[in-house]
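Visitor: I am attaching a structure below and will ask some questions about it afterwards.
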Amino acid sequence: MLDRSARSWIGALSAVCIVVASCGGGSAATDSGAGTGTSTGSGIATAVISGAGDSEPTAGSDVGTASDGMHLDLGDGTAATTGSCADADVKFEAQTPTVLLLIDQSGSMTADFGGTDRWQAVYDALLDPDDGLVPDLEGKIRFGMALYTSFEGNEGRECPVITATPPALNNYAAIEASYDAAKPEDETPTGESIAAVTPTLVMDPSPGNKVIVLATDGEPDTCAEPNPQNGQQQSVDAAAAAYEQGVRIYVISVGAEVSDQHLQDVANAGVGVGQGDPDAPFYKANDAQALAAAFAEIVEGVRDCKLDLDGKVAEGGEAECQVTVNGMSVPYGTADGWQLNGPSEVELVGEACDAIQDGDVAVSIKCACGIVTPIG
């Protein structure tokens, strides 16, 4: 059974889209196709996003014309007198997140887990070649992995012991080989391990969310004191420090041995929950099916609702743009609509982002002629 303490806050968007700006007089625009925007002489730019995001988009067609001698604002401070409006084929792409899978390699991961063991259940959820999340999403998410343990803490000289595969796209083969070569043994220095892997994500220059997904089956110990398991505060502090550096942490208990209070503390610290705010979700999986569901909910949800635009929205131009999600118009500048984070980044927020978490979506962005201009 999978327990969640609260509704997931994680936005999801996997898509590519094309904007085709057509500036002429004529009939209202119509959108066609899953991955193309097509304007029929309406003087608007249209973006349509396919939630599947698996194929390269193709440009739509411009069939609109402007009246002879019409003065057109080209969006770059110049104007032209022409018989047609220049096309602007501008691509949008969802930002690609980076996910580091931080997996407890302690000896207890060999414990029974409903007909398999915990170590194998993690493999099946993440790395099974047919059903695993990593082979399924490796082209859309930069996956990395770090296995962590220690050998009697500092007495083993090296602590924590980290077996790392750096994040990259299409990284399944390297991650699978590393996991397959390892085996569970010894201790659980969770706090030190979070601190050890956080710089990998902090220093990664790639745009998009930076996330650690922690899967552990026991209360944490420390390098200084491998027994008993007194590393709870160190783990919480490490999660809070990671968040302060721009790295979010989501936690899964593989089995029932980790206390709900500790899981809640790590979950809150990992996403920056403040005093008095609603608690963040944590995940407690008691069998292989629940574990796979927990990984899927987190990993499939780390893609946020930001779109990078290969063009610029003119200052003040947001007032002349309209955004719809699955045919429903969403307002600009509200808690449940959309916003510009800069002239080249659109973000859906609140309910507008929530609406596209659970499947394929169509997002349309329509701006008046000259509002969006290409970069370069």
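Visitor: Which residues, counting only those in segment 242-252, are touching a Ser or Thr at 6+ places or on another chain (Cβ under 7 Å) and closer than 20 Å to residue 150 by Cβ?
Guide: Across segment 242-252, the qualifying residue is only 242.
Visitor: Further question on the same structure: Kindly list the number of the only condition in (1) within 23 Å of the chain's Cα centre (by Cα); (2) of a type outside the set (Gly, Ala, Ser); (3) modelled with pLDDT under 85; (4) assigned to a strand (DSSP E or B) that fails for residue 353.
Guide: For residue 353, the exception is condition (4).
Visitor: To continue, here is another question. Does segment 358-366 contain any residue that is open to solvent by 60 Å² or more (accessible area, probe 1.4 Å) and in a loop (DSSP other than H, G, I, E, B)?
Guide: Within segment 358-366, the first condition is being open to solvent by 60 Å² or more (accessible area, probe 1.4 Å), and the residues that meet it are 358, 360.
Within this subset, residues satisfying the condition of being in a loop (DSSP other than H, G, I, E, B) are 358, 360.
Yes - at least one qualifying residue is present in segment 358-366.
Visitor: Let me ask something additional. Is there a residue in segment 207-214 that is more than 30 Å from residue 155 (Cβ to Cβ), open to solvent by less than 50 Å² (accessible area, probe 1.4 Å) and out of contact with any Asp or Glu (no Cβ under 9 Å at 6 or more places or on another chain)?
Guide: There is at least one residue in segment 207-214 that is more than 30 Å from residue 155 (Cβ to Cβ), open to solvent by less than 50 Å² (accessible area, probe 1.4 Å) and out of contact with any Asp or Glu (no Cβ under 9 Å at 6 or more places or on another chain).
Visitor: Another one. Is there a residue in segment 100-107 that is modelled with pLDDT of 95 or more, more than 24 Å from residue 237 (Cα to Cα) and open to solvent by 10 Å² or more (accessible area, probe 1.4 Å)? Outline the logic, then answer.
Guide: Pass one, segment 100-107, residues modelled with pLDDT of 95 or more: 100-107.
Now restrict to residues that are more than 24 Å from residue 237 (Cα to Cα): 107.
Still in the running and open to solvent by 10 Å² or more (accessible area, probe 1.4 Å): 107.
Scanning segment 100-107, I find at least one residue that is modelled with pLDDT of 95 or more, more than 24 Å from residue 237 (Cα to Cα) and open to solvent by 10 Å² or more (accessible area, probe 1.4 Å), so the answer is yes.
Visitor: Pairs needed: first member in segment 319-336, touching a residue at least 40 places away in the same chain (Cβ under 8 Å); second member anywhere, among the β-branched types (Val, Ile, Thr); C-beta distance under 6 Å; at least 6 residues apart or different chains.
Guide: 320/371; 323/330; 323/365
Visitor: Going through segment 302-348 one residue at a time, which ones are outside any strand (DSSP E or B), within 23 Å of residue 209 (Cα to Cα) and open to solvent by 20 Å² or more (accessible area, probe 1.4 Å)?
Guide: Of the residues in segment 302-348, the ones outside any strand (DSSP E or B) are 302-305, 310, 314-320, 326-327, 331, 333-337, 343-344.
Filter once more, keeping what is within 23 Å of residue 209 (Cα to Cα): 302-305, 310, 333-337, 343-344.
The answer is 303, 304, 310, 333, 334, 335, 336, 343, 344.
Visitor: Another question about this same structure. Could you list, ordered by first residue, the pairs with Cβ atoms under 7 Å in which the first is in segment 243-265 and open to solvent by 10 Å² or more (accessible area, probe 1.4 Å) and polar (S, T, N, Q) and the second is part of a helix (DSSP H, G or I) and modelled with pLDDT of 95 or more, at least 6 apart or interchain?
Guide: Cβ pairs passing all conditions: 245/198; 245/202.
Visitor: While we're looking at this one, here's another question. Residue 218 fails exactly one of the following numbered conditions: (1) open to solvent by less than 20 Å² (accessible area, probe 1.4 Å); (2) of a type outside the set (A, V, I, L, M, F, W, C); (3) on the phi > 0 side of the Ramachandran plot. What is the number of that condition?
Guide: Here residue 218 clears every test but (3).
Visitor: Could you go through segment 280-297 and let me know if any residue there is surrounded by fewer than 20 Cβ atoms within 10 Å (Cβ to Cβ) and hydroxyl-bearing (Ser, Thr, Tyr).
Guide: So far as segment 280-297 goes, no, none of its residues is surrounded by fewer than 20 Cβ atoms within 10 Å (Cβ to Cβ) and hydroxyl-bearing (Ser, Thr, Tyr).
Visitor: Filter segment 119-173 down to the residues that are crowded, with 17+ Cβ neighbours inside 10 Å, touching a residue at least 60 places away in the same chain (Cβ under 8 Å) and assigned to a loop (DSSP other than H, G, I, E, B) and list them by number.
Guide: Residues satisfying the conditions are 140, 141, 150, 159, 160.
Visitor: Name the single residue that is farthest from residue 240 (Cα to Cα) among those in segment 183-203 being open to solvent by 20 Å² or more (accessible area, probe 1.4 Å) and part of a loop (DSSP other than H, G, I, E, B). I'd like the intermediate steps shown before the answer.
Guide: Residues of segment 183-203 that are open to solvent by 20 Å² or more (accessible area, probe 1.4 Å), as a first pass: 183-186, 192, 195-196, 199-200, 202-203.
Add one more test, that the residue is part of a loop (DSSP other than H, G, I, E, B), and what stays is 183-186, 203.
Details: 183: 29, 184: 27, 185: 27, 186: 26, 203: 17 Å.
Across segment 183-203, the extreme among qualifying residues is 183.
Visitor: Which is in contact with a Lys or Arg (Cβ under 9 Å, 6 or more places away or on another chain) and under 28 Å from residue 143 (Cα atoms), of 372, 346? Step through it out loud before you land on a result.
Guide: On the way: 372 fails: under 28 Å from residue 143 (Cα atoms).
The conditions single out 346.
Visitor: Give segment 245-281 a look and list any residue that's part of a loop (DSSP other than H, G, I, E, B) and among the polar types (S, T, N, Q), or say none. Lay out the reasoning, then the answer.
Guide: Residues of segment 245-281 part of a loop (DSSP other than H, G, I, E, B): 245-247, 255-259, 272-281.
Correct list: 245, 259, 275.
The values are calculated or read from the model by the stated rules, or taken from the named source; none is laboratory data. Not measured: the values here are computed from a predicted model. Neighbour counts are summed over all protein chains in view; Cβ atoms, including those assigned to glycine, are modelled from backbone coordinates with ideal geometry. To get the accessible areas, we keep the full protein, side chains included, count just its heavy atoms, and leave off ligands, DNA and RNA. Shrake-Rupley method; radii C 1.70, N 1.55, O 1.52, S 1.80 Å.
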